[in-house]
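Read through the structure below, which is laid out as structure tokens, and then see the notes.
Quick note: the coordinates plus some simple rules give every number you see, no bench work behind them. This structure is a prediction, so every number in the text was calculated from the model and none was measured. Cβ sites come from the backbone with ideal geometry, for glycine too, and all protein chains shown count toward neighbours.
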Amino acid sequence: MDQDLPGFVAPVHRALAEPIMLAGAPRALAIVNGTLAAAIGIGLRLWIVGLVMAVAGHGLAVIAARRDPQILPVARRHLALPHRFES
């Protein structure tokens, strides 16, 4: 069973196993962060606050993604499960 069978080799590319990132942050989190920062910056005309919020939010998302690239699915699952298991 340790030998490969000829003709039955399928290459698996890294893109199939890695999460989709946008500038180092999870894609969905980067889009939400950018949308909220743009809404504050443009909608409320608080340009500096929107820019600071965008940079700080993206920086925190990148730090979290470096620690665990699957941070969003893990956080969703954590919030969905009960905090205590009753028997």
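Points worth noting:
- In the chain, the longest principal axis of the Cα atoms and the axis of helix 47-67 are about 20 degrees apart.
- Secondary-structure-derived ellipticity at 222 nm for the chain, considering helices only, amounts to -16000 deg cm²/dmol, per-run term -39500 (n - 2.57) for DSSP H runs with n ≥ 4.
- 0 to 90° range, to nearest 10: angle between helix 27-38 axis and the chain longest Cα axis: 10 degrees
- For the stretch 2-43, the fraction of alpha-carbon pairs in successive 5 Å shells from zero, as %: 5, 18, 13, 13, 11, 8, 6, 9, 5, 4, 4, 3, 1
- Each label was represented as a point 7 Å from its Cα along the Cα-to-Cβ direction; for L5 and I63 these points are 5.0 nm apart.
- Length-normalised contact order for the stretch 21-80 - Cα pairs under 8 Å, 6+ apart - percent: 37 percent
- Ranked by the mean number of other Cβ atoms within 10 Å of their residues, highest first, the peptides 5-17, 37-49 fall in the order 37-49, 5-17.
- If you sort the three axes of the alpha carbon gyration tensor as a ≥ b ≥ c, you get a/c of 1.5 or more for the chain and a/b no higher than b/c, which makes it oblate.
- Taking amide H as placed 1.01 Å from N in the peptide plane, the amide H of L22 sits under 5 Å from that of R27, each at least 5 places away or on another chain.
- Summarising the label geometry, the points placed 7 Å from Cα in the beta-carbon direction at V52 and A39 lie 2.0 nm from one another.
- Residue-wise HN-Hα couplings along the stretch 68-77, as the Karplus relation 6.51 cos²θ - 1.76 cosθ + 1.60 with θ = phi - 60° gives them from phi, are 8, x, 9, 5, 5, x, 5, 5, 4, 5 Hz; Gly and Pro carry x.
- The base-10 log of I(q)/I(0) for the stretch 42-87, evaluated at q = 0.13, 0.19, 0.34 Å⁻¹, reads -0.51, -0.74, -1.10 [Debye formula, identical scatterers on Cα atoms, solvent excluded].
- Ranked M21, M53, criterion: other C-beta atoms within 10 Å, fewest first: M21, M53
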